[in-house]
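The values are calculated or read from the model by the stated rules, or taken from the named source; none is laboratory data. Because the structure is predicted, anything quoted here is derived from the model rather than measured. Reconstructed Cβ throughout: ideal geometry from the backbone, glycine too, with neighbour counts over all protein chains shown. Heads up: the accessible areas ignore ligands, DNA and RNA and are worked out on the full protein's heavy atoms, side chains in. Shrake-Rupley method; radii C 1.70, N 1.55, O 1.52, S 1.80 Å.
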Amino acid sequence: MQFRTAIKLGHYFLTAYLLVMVGGYYFLNQQDDAPDTLKTVSQLNSEHWLYMTEHNTGGATVPITYRYYVEPKIKGSDQQIAKQLSALEPLISGMGSINDIHIDDKNRLTVNYSGRFINMASGVDQVTFEIQR
């Protein structure tokens, strides 16, 4: 009878320990779903705006990433705009900056970007690189 009680008690302690471990792991490994920070907004023409957001959640080991979006005007506070942009695909993601950008009469976008880039929008048809050392 004491053996059966010891087994039950051991089972309860082991179950409680595993629940604490799994709960702690889940709690400590939750991702922060906060959107990027909206840094700048500029009007390109009457229909298109350039939005730049900053992604800085990696701490000291992950560099700051900038995301550039070309979209119609988005209304709302900076936080609301950043949240809406997070659902869209950025034109360029990287650690660099856009030096010059304009849209011609045929809605062709020309961007002069310098710096390291991570990703480019899937809808980009043509890219021209200039390599400087």
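Give me the percent relative contact order of the chain, please, defined on Cα pairs under 8 angstrom at least 6 residues apart.
Values: 168 pairs, mean separation 21.1, N = 133.
Once normalised by length, the contact order is 16 percent.
Could you work out the local net charge near T128, counting Lys and Arg as +1, Asp and Glu as -1, over the other residues with Cβ closer than 14 Å to its Cβ? Walk me through the numbers on the way to the answer.
Values: positive: R108; negative: D100, D125, E130.
For residues surrounding T128, the net value is -2.
Taking the Cα centre of the range 1-114 as origin, work out the dipole magnitude from +1 charges on Lys and Arg Cβ and -1 charges on Asp and Glu Cβ, in debye rounded to 20.
Values: 9 positive and 11 negative charges, 134 e Å.
Around 640 debye, computed over the range 1-114.
Which shape class applies to the range 48-133: rounded if a/c is under 1.5, otherwise prolate when a/b exceeds b/c and oblate if not, where a ≥ b ≥ c are the square roots of the Cα gyration tensor eigenvalues? Can you show the working numbers first?
Details: a/c = 2.09, a/b = 1.07, b/c = 1.96.
It is oblate, given that a/c is not under 1.5 and a/b is not larger than b/c.
Using 0.36 nm per residue, how much length does the chain from V124 to Y17 gain when fully extended, once their Cα-Cα distance is taken away? Don't skip to the answer; put the middle values down first.
On the way: separation 107, 0.36 × 107 = 38.52 nm, distance 5.24 nm.
The V124-Y17 span can extend by a further 33.3 nm.
What is the sum of charges, Lys and Arg at +1 and Asp and Glu at -1, for the other residues whose Cβ falls under 13 Å from the Cβ of N112?
Values: positive: none; negative: D100, E130.
Net of charged neighbours comes to -2.
Considering only protein heavy atoms, what is the solvent-accessible area of M120 at a probe of 1.4 Å, reported in Å² to the nearest 10?
Number for this one is 50 Å².
Amide H to amide H under 5 Å from L91: which residues, 5+ apart in sequence or cross-chain, H placed 1.01 Å off N in plane?
Y68, Y69, V70
With every protein chain kept in the model, how would you rank I81, I118, I103 by accessible area, 1.4 Å probe, largest at the top?
On the way: I81 10, I118 95, I103 35 Å².
My answer, sorted largest first, is I118, I103, I81.
For the chain, what % of the accessible area comes from carbon and sulfur atoms, probe 1.4 Å?
Details: 5810 of 10720 Å².
After summing per-atom areas, the C and S share lands at 54 percent.
Only loop residues by DSSP count here, and only those with at most 11 other Cβ atoms within 10 Å; note down the chymotrypsin sites (Phe, Trp or Tyr not before Pro) in the range 30-133 that meet that. Intermediate values should be presented prior to the final figure.
Values: sites: W49, Y51, Y66, Y68, Y69, Y113, F117, F129; in loops: F129.
Passing both the DSSP loop test and the Cβ count: F129.
Net charge near H48, counting Lys/Arg +1 and Asp/Glu -1 over other residues with Cβ under 10 Å of its Cβ? The partial results should precede the final answer.
On the way: positive: K73; negative: E47, E71.
For residues surrounding H48, the net value is -1.
Could you tally up the Lys pairs in the chain with alpha carbons closer than 28 Å? Skip any pair fewer than 8 positions apart unless they're on separate chains. Could you put the intermediate results ahead of the total?
Values: K39/K73; K39/K75; K39/K83; K73/K83; K73/K106; K75/K83; K75/K106.
Taking the chain as the scope, the lysine pair count is 7.
Could you go through the range 87-97 in sequence order and give the Karplus-derived ³J(HN,Hα) for each residue, using 6.51 cos²θ - 1.76 cosθ + 1.60 with θ = phi - 60°, rounded to whole Hz, and x for Gly and Pro?
7, 9, 8, x, 5, 9, 10, x, 9, x, 9
Which one of Y113, L44, V127 is farthest out on the positive end of the charge dipole of the range 18-133, using unit charges on Cβ (Lys, Arg +1; Asp, Glu -1) and the Cα centre as origin?
Y113
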